[in-house]
1. Would you point out the residue of segment 191-242, among those that are under 28 Å from the mean Cα position of the chain (by Cα), in contact (Cβ under 8 Å) with a residue 12 or more places away in the chain and assigned to a loop (DSSP other than H, G, I, E, B), that is nearest to residue 151 (Cα to Cα)?
2. Picking from 226, 252, which residue would you name as being assigned by TED's automatic domain parsing to the domain that holds residue 202, closer than 14 Å to residue 201 by Cα and surrounded by 15 or more Cβ atoms within 10 Å (Cβ to Cβ)?
3. Go through segment 146-168 and count every residue that is touching a strand residue (DSSP E or B) at 6+ places or on another chain (Cβ under 9 Å), closer than 21 Å to residue 190 by Cβ and either assigned to a strand (DSSP E or B) or in contact (Cβ under 8 Å) with a residue 60 or more places away in the chain (or both).
4. Working only within segment 113-142, note down all residues that are touching a helix residue (DSSP H, G or I) at 6+ places or on another chain (Cβ under 6 Å) and over 20 Å from residue 41 (Cβ atoms).
5. Please count how many residues of segment 92-117 are under 17 Å from the mean Cα position of the chain (by Cα) and touching a residue at least 60 places away in the same chain (Cβ under 8 Å).
6. With respect to residue 62, is the statement that it is under 22 Å from the mean Cα position of the chain (by Cα), within 16 Å of residue 131 (Cβ to Cβ) and without any contact (Cβ under 8 Å) to a residue 60 or more places away in the chain true?
């Protein structure tokens, strides 16, 4: 399924999807996700419905969003009469997420649109309580901040706990991908580490501080302020941004916010 904006009923070739087909693997994943009859679940790109049928049996309400016209029509016929399933023929990036209420996301997404999908889910006004997303291992590691934190990982961590929930075999998919694939689990924190009204200031701070291999942070604070902030965060004076952990970035931002009265 494509997540890009274009006209026409069929997804373009570049957006082709590797379908997760192993029933035993899918059932183990759903058990690990602890999805039950009280959950409202959204599936992105149900494709041929390998996940869809098993999800519908477990959750209370399932919304599945598919762009490809042929796949959508096949799904509509396959799951006719499944009362707790609602199919949408739409581009997920254009589709409106629930404005209120808890929901979860469980999806085998196309790798070409991973970043756009994660941003849509995590930057909306009502993010999912939990999301399980298949993606390339390299992309998942970048979201996790491994081997070093990035602006993207540092923007996710105040709001979400992240973990690698599953390592797939390439044989679990058809067609078989030429990259390692994992499932990334995101869980919304009950209390965010950065208040929602401070997130823009936090992003501006990070963007400036990450520039110039540390020079940006040194420009944002006086020598005395920087020395205090580094001491509070437990960071040596000869630091480089790639060596700073998320908790240390959080401490630096709090020191910066206190100095600037944000």
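1. 210
2. Numbers: 226 fails: closer than 14 Å to residue 201 by Cα.
Answer to the check: 252.
3. The qualifying residues number 6.
4. Of everything in segment 113-142, those that are touching a helix residue (DSSP H, G or I) at 6+ places or on another chain (Cβ under 6 Å) and over 20 Å from residue 41 (Cβ atoms) turn out to be 136, 139.
5. Looking only at that region, the number is 17.
6. Working: under 22 Å from the mean Cα position of the chain (by Cα): yes; within 16 Å of residue 131 (Cβ to Cβ): yes; without any contact (Cβ under 8 Å) to a residue 60 or more places away in the chain: yes.
In short, yes.
The values are calculated or read from the model by the stated rules, or taken from the named source; none is laboratory data. What you are looking at is a predicted structure, and each value in this text was computed from that prediction instead of being measured. Glycine gets a Cβ as well: all are built from the backbone with ideal geometry, and neighbour counts include every protein chain shown.
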